[in-house]
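**Student:** Here's a structure for you.
The values are calculated or read from the model by the stated rules, or taken from the named source; none is laboratory data. Bear in mind the structure is a predicted one, so any value in this text is a computation, not a measurement. In this analysis, Cβ positions are derived from the backbone assuming ideal geometry, glycine residues included, and neighbour counts consider all displayed protein chains.
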Amino acid sequence: MLIEVVYAGAAGPVAKAYRFEPPACVRDALTRAAADPEFSAVDFTRCAFGVWGVIARAERQLTDGDRVEIYRELPQDPKIARRRRAAAGARRR
């Protein structure tokens with residue numbers, strides 16, 4: 001079966017397709033990507049991952065044509081960033 005692994009890093013997106021013998025899980029796809037030099041910028045220990053935009057566990061079984069997505073860590077919590085912007089705007093008024 002053919003599984004695509006994608007990552008949208010700061011340096012640009014990386015997408016690779018790998019062939020697996022069934023059954024394969026998300027962990028298998030991540031292990032194969034971690035060994036690939038094109039994914040060298042990815043810190044696999046700190047990233048979340050999912051399948052087709054839905055957060056998935058490493059044990060999730062894959063089917064032919066699935067896309068495993070590696071999500072990079074946010075630089076800051078969006079809720080905290082919004083509160084800071086709102087507070088800065090209130091001080092200006």
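**Student:** Consider Glu59 against the criteria (1) exposed (fewer than 11 other Cβ atoms within 10 Å of the Cβ); (2) in contact (Cβ under 8 Å) with a residue 40 or more places away in the chain; (3) not β-branched (Val, Ile, Thr): it satisfies all of them except one. Which criterion is unmet?
**Tutor:** Status for Glu59: all satisfied but (2).
**Student:** Return the pairs, sorted by first residue and then second, in which the second residue is of a type in the set (A, V, I, L, M, F, W, C) and assigned to a loop (DSSP other than H, G, I, E, B), the first residue lies in region 27-54 and is more than 18 Å from Asp66 (Cβ to Cβ), the beta carbons are less than 9 Å apart, and the residues are 6+ apart or on different chains.
**Tutor:** Filtered contacts from region 27-54: Ala41/Ala10; Ala41/Ala11.
**Student:** Regarding Pro23, is this residue loosely packed, with under 13 Cβ neighbours inside 10 Å and free of Cβ contacts under 8 Å to residues at least 12 places away in the same chain? Walk me through how you get there before you give the answer.
**Tutor:** Values: loosely packed, with under 13 Cβ neighbours inside 10 Å: yes; free of Cβ contacts under 8 Å to residues at least 12 places away in the same chain: no.
When the stated conditions are applied, Pro23 does not pass them.
**Student:** Which one is nearest to the chain's Cα centre (by Cα) among residues in region 62-76 that are within 21 Å of Gly12 (Cα to Cα) and either charged (D, E, K, R) or crowded, with 16+ Cβ neighbours inside 10 Å (or both)? Write out each step before concluding.
**Tutor:** Residues of region 62-76 within 21 Å of Gly12 (Cα to Cα): 67-76.
Narrowing further to those that are either charged (D, E, K, R) or crowded, with 16+ Cβ neighbours inside 10 Å (or both): 67-70, 72-73.
Values: Arg67: 11, Val68: 8, Glu69: 4, Ile70: 1, Arg72: 6, Glu73: 9 Å.
For region 62-76, the residue satisfying everything is Ile70.
**Student:** When you check Phe39 against the structure, is it buried (at least 16 other Cβ atoms within 10 Å of the Cβ) and of a type outside the set (Asp, Glu), yes or no? Reasoning before the result, please.
**Tutor:** Numbers: buried (at least 16 other Cβ atoms within 10 Å of the Cβ): yes; of a type outside the set (Asp, Glu): yes.
Taking the combined requirement at face value, the residue satisfies it.
**Student:** Further question on the same structure: Just one of (1) out of contact with any helix residue (DSSP H, G or I) (no Cβ under 8 Å at 6 or more places or on another chain); (2) under 15 Å from Glu69 (Cβ atoms); (3) at pLDDT 90 or above trips up Val5, so point out which.
**Tutor:** It is condition (1) that Val5 fails.
**Student:** Within region 1-20, restricting attention to residues that are touching a residue at least 60 places away in the same chain (Cβ under 8 Å) and within 17 Å of Leu62 (Cα to Cα), which residue is surrounded by the most Cβ atoms within 10 Å (Cβ to Cβ)?
**Tutor:** It comes out as Val5.
**Student:** Within region 44-56, which residues are surrounded by 10 or more Cβ atoms within 10 Å (Cβ to Cβ) and out of contact with any helix residue (DSSP H, G or I) (no Cβ under 6 Å at 6 or more places or on another chain)?
**Tutor:** Of all residues in region 44-56, those surrounded by 10 or more Cβ atoms within 10 Å (Cβ to Cβ) come to 44, 47-52, 55-56.
Cys47, Ala48, Phe49, Gly50, Val51, Trp52, Ile55, listed by residue number.
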